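What follows is a short report on a single structure.
The values are calculated or read from the model by the stated rules, or taken from the named source; none is laboratory data. It should be emphasised that the depicted structure is a prediction, and the values quoted were computed from it without experimental measurement. For neighbour counting, all protein chains shown are included, and Cβ atoms are generated from backbone atoms with ideal geometry for every residue, glycine included.
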2 protein chains.
Amino acid sequence: MKKHYLLTPGPTPVPPEVLAELSLPVLHHRTSEFGEIFTRVSEGLKYVFKTEGDVYVYASSGTGAMEAAVVNILSPDDKALVVSTGAFGDRWAKIIRAFGLTPDVISVEWGEAADPAAIEDYLKKNPSTAAVFVTHTETSTGVVNDLEKIGRIVAATDAVLIVDAISGLGGEPLLKDDWKLDVVVSSSQKGLMLPPGLSFISLSEKAWLAAEKSRLPKFYWDVKRMKKSALDKETPFTPAVGLFVALAKALDMMKSVTLEKMWAEYLLMAEAARDGIRALGIEPFAKSPCRVVTSAKVPDGIEGGKIVKMMRLDYGVSIAGGQERLKGKIIRLAHMGYITRPDILVGFAALEMTLKRLGYKFAAGAGVAAVEEKLK
Amino acid sequence: MKKHYLLTPGPTPVPPEVLAELSLPVLHHRTSEFGEIFTRVSEGLKYVFKTEGDVYVYASSGTGAMEAAVVNILSPDDKALVVSTGAFGDRWAKIIRAFGLTPDVISVEWGEAADPAAIEDYLKKNPSTAAVFVTHTETSTGVVNDLEKIGRIVAATDAVLIVDAISGLGGEPLLKDDWKLDVVVSSSQKGLMLPPGLSFISLSEKAWLAAEKSRLPKFYWDVKRMKKSALDKETPFTPAVGLFVALAKALDMMKSVTLEKMWAEYLLMAEAARDGIRALGIEPFAKSPCRVVTSAKVPDGIEGGKIVKMMRLDYGVSIAGGQERLKGKIIRLAHMGYITRPDILVGFAALEMTLKRLGYKFAAGAGVAAVEEKLK
C-alpha cells in the first residue's frame, strides 16, 4: 500500500471534506439551489481576493483566465508591458503575441524578483502603455513580486495592472483593492485546495473601462457576459457544477481559519523549508522567496529529475523539478493550500533518504531537525 | 428527505462508480500514473467518437470546444456557413461573429431538422466555402440532423464540416470517420455521464490541413499544442485531473455496455416518452425527434415554466423548459447518459401529478401506462 504526498506547487492535496462534496450527485445549474452555491462562492472569492468587486468563475485551467485577462482588456494597437520573472511571466508574453500584439518585456535573471523602479521608469518613458502584466508568486522560480509597490506605481498612470495570482492566491498576501491591482486571475488547484478545472477573474473599475473598449475577439472568455449572468446567479455557459459546489466548501473552510492565519502558517513552513534546505548544505534558489513554494539548487553532480523521480516512486512524495532553463537544476517543494506541517516533515525525510542514495554527503537527519526546530 | 431525479438534457446524473472516482485524492498530471489515465481516456474517446483520429480534452464547458473549432479552422476572410436548427445552431453563428467573420446562416423553423438539399445547393453556389457548421442533436428543440447525408455532401466539396455533438455523443448514433465529419466537438455532462467541466475535439486530416493554415488568434484552444502534448500523454495546460480520472471510468463503463446497445436503449426510451406524451393528449414538438431528449408542446393555458418548477420543487424531478422563442411553450425530458428506464417512469408520474394540479384534463395514469407498455 502506498500513501501519496502531493508537495507540488499545483495540483495540491484536497481536504477530505472537499473531496466528499465532489462525490455528491450533480446539481442542475439553473436552479435556486445552484443560485445559493453561486452566492456563497461569490462572497467567498471576494474574501479571498480582498475585493469589493465581483469575481467570476470559468470552467478552465488557470491559463484560460490569463487569456481572458488579455482578450478582455487589450485592443489590437495597444502597447503592453510584460514584467517576467520566470516561465509564467513569459506565458503572459506568449498569450499576448498569440493575439497579434507585440508586448515589451522586462525580464530579470530567474530567481530574482521584478524591480518596481524599472517598471516606473518604463511607464514614464511610455505613458501610453495600456496594460502591465505581472506575476504574484512565480512558481517556476519561487519568488514573490512586490505587488503593493508595483500597484502604487501603475495606479499613478493610465495603464491597467494585470496580475497572475494563480499560485499565490490564498497563500501569499494579496490585497486586490488596497494594492490597486486592476485585474487578478487565479485558479482552483493551488491555494484554494481544489482539483484543477476552475479559474477566476476580478476587475477593478479602471479595468472595466478598458474592458468596455477592448477590441480583441472573445466569446467564451467575455467578462461582460459573466457580469450579466451573475445578476441571475448564473454563468453564461454550463459551469463545472461539481467543482463549484466543492469550491463553496473550501472557501467556507478558509473563512473559518481566516486568510491571515493561513498566510502566517505558510510563511512559517516556508522558513522551516529554507532552514531545512540550508541544514542539508543546499542553497535556496529564490532571492526573494515566496511563502508558497521553496526552490533549492540541486547539489553539483546530481540530476534534479532523479531526485523528483526517486522521491515519488520510492517514497510516494511528489515534489517538482525545474522548468525550461532550470530543468534538472532546482527542486521545488510547495507549502500552500492543504499542505500542512507533517507533510513538510515527510517531504524532508524522503528528500534526505533520496539524497543519501544518490551519493550526496550530509549529516543524516539534519534537514528534518532544522524543520522540526522551526515548527516546534 | 428528498431524492433528486435529473432528467435534464445536461447536466445528467453521474453513476455512483464515477462519483466515487471524483472523491479520490488528486493525481499530479506530469506522472506515469496520469499518462496511463490519459491513454485510457484517449482510447475510450476514440471508441465513442468512432474515429481513428486523436480526440483532445479541454478543461472547459462545451462552448469552449465550439470556440476551439472556430478559431482553429477559420481565417479572417473565410466564408462560413452555419446550418441552424435552434439555439445551439445559433451559437455557432454568434461565436463566428465574435471573431470578426460574417457567416451565412441557413435556419429552419424550430422543431424541424436541417435540409441536406439546402446545404448541397448552397455549396454549389458558394464553392469557396471554408467550413459548414451543424448541430448533431439540437437540444433546444429535440431534433436530430442527418449527419450521414450532410457528411456525404460536404465531403464532396473543399469545405470542412464542423459538428456540435455536445448533447448527442454517446446517445445518438455518430460515426465520425465513416460519415466524414471533419471536426466533432462534445462535452462531459451529457451522454458521457460526468459532471460538466471537460470538452472534447477531434479533427480529420482535412480539418488538420485547415488548422495548419488557420489565422484566427488562439492560445488556450490551440489544437496544435494539444497534438504536441499528447505525444507525451499530457495536456499543454493543467488538465482537470479529477474529471479526467472519472472520465476514464465512465468510458470503461460505456465500452463494457457497448455504444450500440446504449443507442438502442435511448431509442426505446425516446419512443416510450413520445408514446407517454401522446397518451396524455399532448403533442410531441420535434418533427425529426432525436433519441436523447423528448420535447413536447405545453398544453394551451398552462405556462411551461410552472410545470418545470412544480416538478422540481414538489417531486424532485428536474426537466427542462423551452429556451428563447420557445420559453414557456415546450418542456424537454432527457433520456441520455445515466438516465434509465425507472427514471423515465418517475418523470412521467411526476408530470401527471403536476399537470393534474395545474388543471389540465387527461386520463390519470395514461402517460405512465403508455411508457410501461413500451418498456415492458
Residues (of a type in the set (Lys, Arg) and surrounded by 17 or more Cβ atoms within 10 Å (Cβ to Cβ)) located in segment B:342-376:
B:374
Could you list, in sequence order, the residues of segment A:41-72 that are assigned to a helix (DSSP H, G or I) and surrounded by fewer than 21 Cβ atoms within 10 Å (Cβ to Cβ)?
A:42, A:43, A:46, A:47
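One residue is enough: does segment A:250-261 have a residue meeting the conditions in contact with a Ser or Thr (Cβ under 9 Å, 6 or more places away or on another chain), closer than 21 Å to residue A:194 by Cα and within 14 Å of chain B (Cβ to nearest Cβ)?
Within segment A:250-261 (the criterion being in contact with a Ser or Thr (Cβ under 9 Å, 6 or more places away or on another chain), closer than 21 Å to residue A:194 by Cα and within 14 Å of chain B (Cβ to nearest Cβ)), the answer is yes, since at least one residue qualifies.
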Of all residues in segment A:23-53 being more than 17 Å from residue A:187 (Cα to Cα) and hydrophobic (A, V, I, L, M, F, W, C), which is farthest from the other protein chains (Cβ to nearest Cβ)?
A:37
Among residues of segment A:195-214 being in a strand (DSSP E or B) and of a type in the set (Ser, Thr, Tyr), the residue farthest from residue A:246 (Cα to Cα) is A:202
For segment A:299-341, give me each residue that is within 17 Å of residue A:7 (Cα to Cα), among the aliphatic types (A, V, I, L, M) and touching a strand residue (DSSP E or B) at 6+ places or on another chain (Cβ under 9 Å).
A:307, A:308, A:311, A:317, A:319, A:320, A:330, A:331, A:333, A:334, A:336, A:339
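Going residue by residue through segment B:62-73, is there one that turns out to be of a type outside the set (A, V, I, L, M, F, W, C) and away from chain A (no Cβ under 11 Å)?
yes
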Listed residues A:302, A:277, A:282; which is in contact with a Pro (Cβ under 7 Å, 6 or more places away or on another chain), at negative phi and in a loop (DSSP other than H, G, I, E, B)?
A:282
Being in a helix (DSSP H, G or I) and either surrounded by fewer than 24 Cβ atoms within 10 Å (Cβ to Cβ) or not assigned by TED's automatic domain parsing to the domain that holds residue A:118 (or both) is the filter here, so list the residues in segment A:152-167 that pass it.
A:152, A:153, A:155
The residue from A:94, A:50, A:79 that alone is modelled with pLDDT of 95 or more, among the basic types (Lys, Arg) and under 17 Å from the mean Cα position of the chain (by Cα) is A:50
Out of segment A:299-323, which residues are surrounded by fewer than 16 Cβ atoms within 10 Å (Cβ to Cβ), within 14 Å of chain B (Cβ to nearest Cβ) and not charged (D, E, K, R)?
A:305, A:313, A:316
State the number of residues belonging to segment A:194-209 that are touching an Asp or Glu at 6+ places or on another chain (Cβ under 8 Å) and among the small types (Gly, Ala, Ser).
3
When (1) more than 14 Å from chain B (Cβ to nearest Cβ); (2) over 30 Å from residue A:366 (Cβ atoms); (3) touching a residue at least 40 places away in the same chain (Cβ under 8 Å) are applied to residue A:272, the one that fails is (2)
I need a count of the residues in segment B:305-341 that are within 18 Å of residue A:32 (Cα to Cα) and part of a helix (DSSP H, G or I).
11
Take segment B:236-257 and flag every residue that is of a type in the set (S, T, N, Q) and either in a helix (DSSP H, G or I) or not assigned by TED's automatic domain parsing to the domain that holds residue B:59 (or both).
B:256
Tell me whether segment A:7-16 contains one or more residues that are over 20 Å from the mean Cα position of the chain (by Cα) and within 14 Å of chain B (Cβ to nearest Cβ).
yes
Of (1) assigned to a helix (DSSP H, G or I); (2) buried (at least 18 other Cβ atoms within 10 Å of the Cβ); (3) more than 14 Å from every other protein chain (Cβ to nearest Cβ), residue B:296 satisfies all except one. Which?
(1)
Would you say residue A:186 is within 14 Å of chain B (Cβ to nearest Cβ), assigned to a strand (DSSP E or B), in contact with a strand residue (DSSP E or B) (Cβ under 8 Å, 6 or more places away or on another chain) and not β-branched (Val, Ile, Thr)?
yes
Does segment A:178-186 contain any residue that is crowded, with 24+ Cβ neighbours inside 10 Å and acidic (Asp, Glu)?
yes
Pull out all pairs, ordered by first then second residue, where Cβ-Cβ is under 8 Å, the residues are six or more apart or on different chains, the first lies in segment B:301-324 and is farther than 18 Å from residue B:11 by Cα and without any contact (Cβ under 8 Å) to a residue 40 or more places away in the chain, and the second is of a type outside the set (Val, Ile, Thr) and part of a loop (DSSP other than H, G, I, E, B).
B:303/B:328; B:304/B:322; B:304/B:327; B:304/B:328; B:304/B:329; B:305/B:327; B:305/B:328
Scanning segment A:221-235 residue by residue, those assigned to a loop (DSSP other than H, G, I, E, B) and either without any contact (Cβ under 8 Å) to a residue 60 or more places away in the chain or away from chain B (no Cβ under 13 Å) (or both) turn out to be A:231, A:232, A:233
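Just to verify a result, which residue in segment A:84-94, among those that are crowded, with 24+ Cβ neighbours inside 10 Å and of a type outside the set (Phe, Trp, Tyr), is nearest to residue A:162 (Cα to Cα)?
Across segment A:84-94, the extreme among qualifying residues is A:89.
The rows are residues; the columns are (1) closer than 22 Å to residue B:189 by Cβ; (2) within 24 Å of the chain's Cα centre (by Cα).
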| site | (1), (2) |
| --- | --- |
| A:195 | yes, yes |
| A:202 | no, yes |
| A:213 | no, no |
| A:278 | no, no |
Residue B:78 passes all but one of the listed conditions (1) assigned to a loop (DSSP other than H, G, I, E, B); (2) within 11 Å of chain A (Cβ to nearest Cβ); (3) out of contact with any Gly (no Cβ under 6 Å at 6 or more places or on another chain); the exception is number (2)
Give the residue that is surrounded by the fewest Cβ atoms within 10 Å (Cβ to Cβ), with candidates limited to residues of segment B:97-151 that are within 14 Å of chain A (Cβ to nearest Cβ) and under 30 Å from residue A:76 (Cβ atoms).
B:102
Working carefully through the options A:226, A:193, find the one that is at positive phi and among the hydrophobic types (A, V, I, L, M, F, W, C).
A:193
